[in-house]
Amino acid sequence: MGFKWVAFDVYATLIDREQGATIAFDKIAKRNGIRVDGYILFEEWHNEVIRIYRSNIDFIGWKEAGRVAIGKLFKKFNVEGEIDDIGILYESFKDWRPYDDVKPVLEELKERGYKLAVVTNMDTDLFFKTKIDVDLDLVVTSEMAKAYKPNPKIFEYAIEEMNCDKSELLLAGTSPWADIQGAKISGLKIAWINRKKMRERWMKLNAWDPIPDYEFEDLYGLLKVLHRRVNQQSA
């Protein structure tokens, strides 16, 4: 039985998060007198967001975790910042852009008969502000599943919505801990999209991380694996 579904991580896999987040955090830094590169500030904030939602026993939304995290960031830099300034980042989602390979690869996969989904650690409203410019068959957010990757619950939720077997789903993502680890503990195949130009240090594969089933520098590599039309897979 071959793959019928391809589910993508969104931010850093399909969407250039670094560029969008850097611009937003440059504005936040300037408003609050923080003399730090916007990207470095974003990375510190984002790491804190992850710590918050992974430490909470009960589910906490991404925006809510972000508000807590920005308060901690202001305290670290000893500034009296406005918590609502994190809204600059949230509002900027509408301006974030997909990588150049997204539209041609996803459209080709649809042409070959694959169903396309996203599984993202994001609030639903922020995802729908994001422009991917390709029709998707399914959207799964952490808010919908009440779980964040790598928790198997979000993948189980996705599979139930897809009404497919695990063997029919290929995941594609950039994060070793969220996507690769999440796929492996959920019994799913994973293609690691290792965009090597990314600055995000935690996207690098370490010795203790699970080995992905496939590794590509961009989305075009998926076309080599998913080269057969869905209706030809049983031929």
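Read-outs: derived from the displayed coordinates by stated rules, not from any lab. Note that the coordinates shown come from a computational prediction; the quantities given were computed from them, not determined experimentally. In this analysis, Cβ positions are derived from the backbone assuming ideal geometry, glycine residues included, and neighbour counts consider all displayed protein chains.
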Inset, instruction - Using the Karplus curve 6.51 cos²θ - 1.76 cosθ + 1.60 with θ = phi - 60°, work out ³J(HN,Hα) for each residue of the stretch 97-104 in order, rounded to whole Hz, and write x for Gly and Pro. - result: 10, x, 5, 5, 7, 5, 4, x
Legend entry - Cα centre as origin, Lys/Arg/Asp/Glu Cβ charges: the stretch 1-42 dipole, Debye: 180 debye
Inset, instruction - Give me the percent of DSSP beta bridges within the chain that run antiparallel, rounded to the nearest 5. - result: 5 percent
Legend entry - Net charge over other residues, Cβ less than 13 angstrom from the Cβ of Ala117 (K, R count +1; D, E count -1): -3
Inset, instruction - Let me have the relative contact order for the stretch 17-94, percent, based on Cα pairs under 8 Å that are six or more residues apart. - result: 34 percent
Inset, instruction - Report the label-to-label distance for Thr124 and Val36 in nanometres (one decimal), using points 7 Å from each Cα along the Cα→Cβ vector. - result: 3.4 nm
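What is the order of Lys94, Lys129, fewest Cβ neighbours within 10 Å to most?
Final ranking by Cβ density, sparse to dense: Lys94, Lys129.
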Inset, instruction - Between Val140, Val105, Val118, find the one with the highest GNM mean-square fluctuation for the chain; connect C-alpha pairs within less than 10 Å. - result: Val105
Legend entry - Rel. contact order, % - alpha carbon contacts under 8 angstrom, at least six apart, the chain: 24 percent
Inset, instruction - Any chance you could check the Cα centroid distance between the stretch 100-126 and the stretch 1-29 for me, in angstrom? - result: 11 Å
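Restricting to DSSP H runs of at least four residues, report the calculated mean residue ellipticity at 222 nm for the chain, -39500 (n - 2.57) per run over all residues, nearest 500 deg cm²/dmol.
-11500 deg cm²/dmol
Just want the ordering: Leu106, Leu171, from fewest to most Cβ atoms lying within 10 Å of their own Cβ.
Neighbour counts put them in this order, fewest first: Leu106, Leu171.
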